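What follows is calculated from the coordinates using simple rules that are stated; it is not laboratory data. No experiment lies behind these values; they were computed from the predicted model shown.
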Amino acid sequence: MNRFKRTTLATLLGGAAAAISWRAFGQGRHAGPMDAAAMDQHIERMIKHLAVEVDATPEQQQKLGAIAKQAAQDLAPLREQHREARKQALELFTAPKVDRAAVEKLRAAHVAQAETASRRLTQALADAADVLTPEQRKQLAQRLEHRRHHGWHWQRG
């Protein structure tokens with residue numbers, strides 16, 4: 001694979017993963033976790049903006065929405081596990097004596113969780129890439145690269 005194709009694919013994957021996972025794992029502007037209905041609405045808005053930018057067909061929009069919603073649903077339990085792991089880490093590191101074996105066990109679990117999330121995001125991104133044409137993927141990569149340098153706000157279409 002030539003350098004341009006590798007760069008384009010990396011930009012596409014990284015940008016899309018950031019956009020999807022930001023709400024799946026982060027709290028964004030909300031005080032608590034986003035419920036499934038709110039997540040679906042957020043994904044639908046995100047897909048509509050993306051569709052305008054790459055001139056996606058209604059069929060492509062529907063497929064992309066289904067892929068993103070399923071990925072978010074699959075990743076949601078990991079968010080709670082991550083929150084629980086943070087609590088455990090706090091307890092371990094504030095104990096009178098640090099249990100190094102327990103810290104290592106928690107670290108290994110965190111790495112396994114990250115691997116699971118990464119694998120699922122990569123699957124969703126590959127599925128989404130299959131829905132878009134090569135030209136649409138190129139347009140998306142260019143826009144994501146621009147946003148990487150100029151911020152992540154979505155342009156109104």
Residue-by-residue Karplus 3J(HN,Hα) for the stretch 113-122, coefficients 6.51, -1.76, 1.60, Hz, glycine and proline x:
5, 4, 5, 4, 5, 4, 4, 5, 5, 4
Sequence order, the stretch 124-133: Karplus ³J(HN,Hα) from phi using 6.51 cos²θ - 1.76 cosθ + 1.60, θ = phi - 60°, Hz rounded, Gly and Pro as x, gives 4, 5, 5, 4, 5, 4, 5, 6, 8, 6
Expected output is a single nm value to one decimal: the length gained when fully extending between residue 115 and residue 82, i.e. 0.36 nm times separation in residues minus the C-alpha distance. What is it?
10.6 nm
